[in-house]
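Encoded as structure tokens, the structure appears first; notes follow it.
The values are calculated or read from the model by the stated rules, or taken from the named source; none is laboratory data. Please read these numbers as outputs of a predicted model, since none were measured by experiment. Neighbour counts are summed over all protein chains in view; Cβ atoms, including those assigned to glycine, are modelled from backbone coordinates with ideal geometry.
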Amino acid sequence: MLKVAISGSTGRIGKALIKAIGQNEDFELVGGVAGQENQNIGKDLGEIAEVEKIGVPLSSNLYDLSEEIGVLIDFSEAKFSLKAVEYSKNLHIPLVLGTTGYEDEDLNIIREASQFIPLLKASNTSLGIAFLKKIIDLTSDSFSYFDNLEILETHHQDKKDSPSGTALDLANFLSERIKGKDSIAIESQRTGDTAGEHKIILSKEAERIELTHKALDRSIYAKGALAGAKWLNSKPNGLYSMSDIYS
């Protein structure tokens, strides 16, 4: 049984992770952490996720977490997540990093940490996005036929980073595979409680093709993160992506 702790336990994905771990006998939740200002500090993680209590309180300090952690999963905010990176590096704990919104300097810190620990950085932990990238890899030679290529992404109204990390990752992924395409336009929408939708739009004259990934429930991100945690636990130090899991 893999012992897991969650950084960013009170966010939408953090709560989904608490529920997913409780439903999967391959994992045990041994800790959770959030910022000092969080009003849930000290509460049971199960209570926070609106399931039965599990006897594990929410902490405000990563170093208060159990020393038995097998993998730390972070879905917090960019600056807070760098504390998780430092903590994992210092204690040699594999880290699944699902947070987005990093600056270039932050990415350098993450890359440096991956020299000391197995680190899975994923702007989107769903299987569907990994599959979408495989489709792009198989068909990217034909993309030059189209006159216009853009990405439309939609998320819940409280999402802070815009464009989303997934949209930026897809744009970069596409640019690397399409000759003569240095930048790809991204349109971002924030509305309601949308779990996440990313649409790649290819158009030429009177033709339009749309490749869409739509998250119907946030549990897909939690399940993908757990798959990543299980896979990462046996890997050597290095920087990994979700595509490495499904390759």
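Candidates in region 100-128 are the residues that are at pLDDT 90 or above and among the β-branched types (V, I, T); of these, the one that is farthest from T212 (Cα to Cα) is I117.
Here's the yes/no breakdown for (1) over 18 Å from K235 (Cβ atoms); (2) among the β-branched types (V, I, T):
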position: V85; (1), (2): no, yes
position: H92; (1), (2): no, no
position: L107; (1), (2): yes, no
position: K133; (1), (2): yes, no
position: N148; (1), (2): yes, no
position: S162; (1), (2): yes, no
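Within region 74-99, if we keep just the residues that are in contact (Cβ under 8 Å) with a residue 40 or more places away in the chain and among the acidic types (D, E), the residue that is farthest from L62 (Cα to Cα) turns out to be E77.
Counting the residues of region 11-25 that are modelled with pLDDT under 95 and of a type in the set (D, E, K, R) gives 2. D74 satisfies every condition listed in (1) loosely packed, with under 15 Cβ neighbours inside 10 Å; (2) in contact with a Ser or Thr (Cβ under 8 Å, 6 or more places away or on another chain); (3) acidic (D, E) except (1).
Among residues of region 45-65 that are under 16 Å from F80 (Cα atoms), those with a Cβ under 6 angstrom from a residue that is assigned to a strand (DSSP E or B), sequence gap 6+ or separate chain, pair up as L58/G32; S59/V33; L62/V33; L65/A5; L65/G31.
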